[in-house]
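What follows is a short report on a single structure.
The values are calculated or read from the model by the stated rules, or taken from the named source; none is laboratory data. This structure is a prediction, so every number in the text was calculated from the model and none was measured. Here Cβ is always computed from backbone atoms with ideal geometry, including for glycine, and neighbour counts include all displayed protein chains.
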Amino acid sequence: MDEANVEAMFGLLDVLGQGSIRPAQYREALKTLGLSTEDLELEDDVEITLDEFKEGICADPLSLQAFARRF
């Protein structure tokens with residue numbers, strides 16, 4: 001996936017420009033991309049930065065579960 005597109009999507013989710021998004025926003029982004037969110041184990045009190053978002057979105061879909069477990 002093109003990095004500029006990933007950054008644009010993050011910008012749409014981070015409407016306040018805080019530099020991070022909530023897990024619910026992350027799940028919606030994955031759904032928009034057609035990726036499964038069934039196995040994601042994200043705590044609701046974590047913040048996901050742009051770099052973490054890029055890592056998760058651009059990773060192999062099988063790696064998304066491992067990415068989410070870090071939080």
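Is there a residue being out of contact with any Leu (no Cβ under 7 Å at 6 or more places or on another chain), assigned to a helix (DSSP H, G or I) and either surrounded by 12 or more Cβ atoms within 10 Å (Cβ to Cβ) or at pLDDT 90 or above (or both) anywhere in segment 13-21? Among the residues of segment 13-21, at least one is out of contact with any Leu (no Cβ under 7 Å at 6 or more places or on another chain), assigned to a helix (DSSP H, G or I) and either surrounded by 12 or more Cβ atoms within 10 Å (Cβ to Cβ) or at pLDDT 90 or above (or both), which makes the answer yes. The C-beta contact set for segment 1-27 (first residue under 15 Å from GLU52 (Cα atoms), second residue at pLDDT below 90 and of a type in the set (Ser, Thr, Tyr), distance under 9 angstrom, 6+ apart or interchain) comprises MET9/THR32; LEU13/TYR26; TYR26/THR37; ARG27/THR37.
For segment 22-39, a residue qualifies if it is among the polar types (S, T, N, Q), part of a loop (DSSP other than H, G, I, E, B) and out of contact with any Pro (no Cβ under 9 Å at 6 or more places or on another chain), and exactly one does: THR37. Pull out all pairs, ordered by first then second residue, where Cβ-Cβ is under 6 Å, the residues are six or more apart or on different chains, the first lies in segment 29-54 and is closer than 17 Å to GLY19 by Cα, and the second is surrounded by 11 or more Cβ atoms within 10 Å (Cβ to Cβ) and of a type in the set (Phe, Trp, Tyr). Filtered contacts from segment 29-54: VAL46/PHE71; ILE48/TYR26; LEU50/PHE10; PHE53/PHE10. Can you name every residue in segment 40-71 that is at pLDDT below 75, assigned to a loop (DSSP other than H, G, I, E, B) and not aliphatic (A, V, I, L, M)? Selection gives ASP60, ARG70, PHE71.
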